[in-house]
Amino acid sequence: MLPALLLAAQLVAAPAAVWTRYEEPMPSPRAWNGCGLNWQTSDIVCQGGREDLGGWWDYASDVYLFSSGHWREGYSPTPPAITPKAFPSWEYDPRQHGFSMFGGVNCWPCGANSTREHWGYDMAGGDIWTLLSRPPCDVRRHQHVAAYDPTRSVLVIYGGLRDREHLRDTWELTDAMTWKRGPLGPSARNRPSMAYDFGWGQVLLFGGQNLDNTTNQETWTYTAKGWRKLAPATSPPGRHSSAMASDLSRRRLVLFGGDRFPGGPRASSDTWEWDGKSWRNVTTVPRPAGRAFPAMASDPRGGVFMSGGLVPFTTTFFDDAWRFAAP
């Protein structure tokens, strides 16, 4: 099943898009939260993150829905087995009638022990958390990325950290809830950006932080045939901790912000579009302030939705919400 907005769209020249700020802020300033579009309800659903509590911070486990310009709290009971997590992945998975949350760290910064917990948030069955699977120990990780491939009906997970070990492996979660190791591809890295490219029917990965803490600017695609490194004529500067999602109405991937240190600012404010062949820098006014670790999702009205983020190594958290779309 594909989003209705995508089914109605045609592969034509994409009109220019601009940033527009929503009037209503997030329930609280936060970063590292996950956001995704529920294809069935057309709600944007956000979960968890590092929450600014006014002079101190903590990791949250709440769920919030954004629809028609307004936030509302989702029903998010916390069973004894689930705790607020740092750096998990949060991805819409129609097989769960909601979202899959995988991995993360149960306690930060008191330790860096990666988990292998795979939880489902079922929105059709009463917003219920369910422990779906415990994959092999090799799958446990945090600061990784995930994307659901609807053409193959698999959840793809790549990279990140296992405790403090940098990873380059790929795993797929099949319809049978079986974890299958995928082929090796990009070098080991954490905090890259990855999303499904609905315009071209493939998963796209960009950037990340290398083993030596430098930033990466490689572009890769992942399909049933494995990983393929691309060589676009133009690429965004290297970065990690940026946001990327699919603009279903324009059939583009949108990339924003991230941490470009040591080659650039800690909190970047540039916007890039991927059209299946090349990257294009988009300059608009107004635009969101520079940040790393924001959350981004496809917007049900077209374009992409973005919220939150922070300026690394400062106390500056964001609670604003934006839409990047054709006017």
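The values are calculated or read from the model by the stated rules, or taken from the named source; none is laboratory data. Given the structure is predicted, the values throughout are model-derived calculations rather than measurements. Cβ sites come from the backbone with ideal geometry, for glycine too, and all protein chains shown count toward neighbours.
Mind telling me which of the residues ASP169, ASP163 ends up being acidic (Asp, Glu) and surrounded by 18 or more Cβ atoms within 10 Å (Cβ to Cβ)? Show your work before the answer.
Values: ASP163 fails: surrounded by 18 or more Cβ atoms within 10 Å (Cβ to Cβ).
Matching residue, one of ASP169, ASP163: ASP169.
Looking at region 251-262, is at least one residue at pLDDT 95 or above, touching a His at 6+ places or on another chain (Cβ under 6 Å) and more than 13 Å from MET296 (Cβ to Cβ)?
For region 251-262, residues at pLDDT 95 or above, touching a His at 6+ places or on another chain (Cβ under 6 Å) and more than 13 Å from MET296 (Cβ to Cβ): present.
For region 198-254, name all the residues that are assigned to a loop (DSSP other than H, G, I, E, B), under 19 Å from HIS144 (Cβ atoms) and in contact with a Lys or Arg (Cβ under 7 Å, 6 or more places away or on another chain).
Correct list: GLY207, GLY208, ASN210, ASN216, GLU218, GLY238, ARG239, SER241.
Would you confirm whether any residue within region 158-168 is farther than 22 Å from PHE256 by Cα, in a strand (DSSP E or B), at pLDDT 95 or above and not β-branched (Val, Ile, Thr)?
no
Of all strands (runs of 3 or more DSSP E) completely enclosed by region 283-327, which ones contain at least 1 residues that are surrounded by 15 or more Cβ atoms within 10 Å (Cβ to Cβ) and among the hydroxyl-bearing types (Ser, Thr, Tyr)?
Working: elements: 295-298, 304-307, 321-325.
Here the list reads 295-298, 304-307.
Just the residues that are at pLDDT 95 or above, within 18 Å of LEU53 (Cα to Cα) and out of contact with any Lys or Arg (no Cβ under 8 Å at 6 or more places or on another chain), please, taken from region 294-327.
PRO294, SER307
Step by step: first the residues of region 86-115, then only those that are in contact with a Cys (Cβ under 9 Å, 6 or more places away or on another chain) and either surrounded by 15 or more Cβ atoms within 10 Å (Cβ to Cβ) or among the aliphatic types (A, V, I, L, M) (or both), then the one that is modelled with the lowest pLDDT. Which residue is that?
By that ranking, first place goes to ALA86.
Of the conditions (1) at pLDDT below 90; (2) within 19 Å of the chain's Cα centre (by Cα); (3) small (Gly, Ala, Ser); (4) under 17 Å from TRP129 (Cβ atoms), GLY34 satisfies every one except a single condition; which number is it?
It fails just one condition, (1).
So which residues in region 27-67 are buried (at least 19 other Cβ atoms within 10 Å of the Cβ), in contact with an Asp or Glu (Cβ under 6 Å, 6 or more places away or on another chain) and not in a strand (DSSP E or B), if there are any at all?
PRO29
Output the residues belonging to region 182-192 that are surrounded by fewer than 24 Cβ atoms within 10 Å (Cβ to Cβ), under 23 Å from SER278 (Cβ atoms) and modelled with pLDDT of 95 or more. Talk me through it step by step, then tell me what you get.
Let us first name the residues in region 182-192 that are surrounded by fewer than 24 Cβ atoms within 10 Å (Cβ to Cβ), namely 182-188, 190.
Those left that are additionally under 23 Å from SER278 (Cβ atoms): 185-187.
Result: PRO186, SER187.
For region 15-26, give me each residue that is surrounded by 16 or more Cβ atoms within 10 Å (Cβ to Cβ), in a loop (DSSP other than H, G, I, E, B) and not aromatic (Phe, Trp, Tyr).
ALA17, MET26
Condition check: hydrophobic (A, V, I, L, M, F, W, C) and in contact (Cβ under 8 Å) with a residue 60 or more places away in the chain. Does VAL145 satisfy that? Walk me through it before giving the result.
Numbers: hydrophobic (A, V, I, L, M, F, W, C): yes; in contact (Cβ under 8 Å) with a residue 60 or more places away in the chain: yes.
Answer is yes for this residue.
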